[in-house]
1. Please enumerate the residues belonging to the range 147-181 that are loosely packed, with under 15 Cβ neighbours inside 10 Å and more than 20 Å from the chain's Cα centre (by Cα).
2. If you check Glu107 against the conditions, is it over 21 Å from Glu161 (Cβ atoms), over 16 Å from the mean Cα position of the chain (by Cα) and in contact (Cβ under 8 Å) with a residue 12 or more places away in the chain?
3. Mind listing just one residue for me: the one in the range 137-190 that is among the acidic types (Asp, Glu) and out of contact with any strand residue (DSSP E or B) (no Cβ under 6 Å at 6 or more places or on another chain) and, of those, farthest from Asp55 (Cα to Cα)?
4. Kindly list, by first and then second residue, each pair from a residue in the range 11-37 that is closer than 24 Å to Thr109 by Cα to a residue that is aromatic (Phe, Trp, Tyr) and surrounded by fewer than 19 Cβ atoms within 10 Å (Cβ to Cβ), limited to pairs with Cβ atoms under 8 Å and residues at least 6 apart or on different chains.
5. Residues of the range 52-104 being farther than 28 Å from Arg178 by Cα, free of Cβ contacts under 8 Å to residues at least 40 places away in the same chain, touching a helix residue (DSSP H, G or I) at 6+ places or on another chain (Cβ under 7 Å) and of a type in the set (A, V, I, L, M), which ones?
Amino acid sequence: MSKIAVIGFGSLLWDLDDLAPKVSGEWKMYEGPILPLEFSLVSRKRHYALALVIDYGDGAPCPTCVIDSVRSEIGAAIVDLANRERMEPTNIGFVDRNTGASHSHREETRNTFWNWIEDSTYDGAVWTDGERNFEALTGRAFSLKTAQDHLRSLQGISLEEARRYIRNAPARVETPLRRALEGAPWWHNDPKS
């Protein structure tokens, strides 16, 4: 029977949502592959807050986390994660040691996962393989300034969700934007107080 890893690095860690009955055990913190991550995805699901995405342009190498899928077939694990992410299965990356099949938007990501699988006890892995959309949704090039400008423009539930998401991201996910926000008083000030 195949053993399939679900890789997480963002909200999946604190909000399994409808994936919860399809995984078992606890998160294995920082045992997944190292990936370049940054908060450069404008998330419609999260009220236009910035979310983590694999980002080869502006991301920093960060460890990811692992939880076991209850599935023994990679296709089912892909559908489970796609349903949780509210996205098409084509935006779920995977590697399958048993068949040699794999999918990712980036060859670098696929190679990283193949190397990780070879050194693991897993037969396959699935992960959210979306692409950054900051430029497409804001009309501005991503930078620490434009990302902070975007966050400053958020109000109400959007700002609350942005703060919640960035604060809840795993502690060792240290991206350039997260480091910049640590020293930004406006980010930590609750406008309601």
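The values are calculated or read from the model by the stated rules, or taken from the named source; none is laboratory data. For clarity, every value in this text was computed on a predicted model and none was experimentally measured. Note: ideal-geometry Cβ built from the backbone for every residue, glycine included; neighbour counts use all protein chains shown.
1. Asp149, Arg152, Ser153, Gln155, Gly156, Ile157
2. Taking the combined requirement at face value, the residue does not satisfy it.
3. This residue is Asp190.
4. Pro36/Tyr56
5. Val79, Val95 - these are the residues of the range 52-104 that are farther than 28 Å from Arg178 by Cα, free of Cβ contacts under 8 Å to residues at least 40 places away in the same chain, touching a helix residue (DSSP H, G or I) at 6+ places or on another chain (Cβ under 7 Å) and of a type in the set (A, V, I, L, M).
Here's the yes/no breakdown for (1) crowded, with 22+ Cβ neighbours inside 10 Å; (2) modelled with pLDDT of 95 or more; (3) assigned to a loop (DSSP other than H, G, I, E, B):
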position	(1), (2), (3)
Val6	yes, yes, no
Leu19	no, yes, no
Trp27	no, yes, no
Leu35	yes, yes, no
Val53	yes, yes, no
Asp58	no, yes, yes
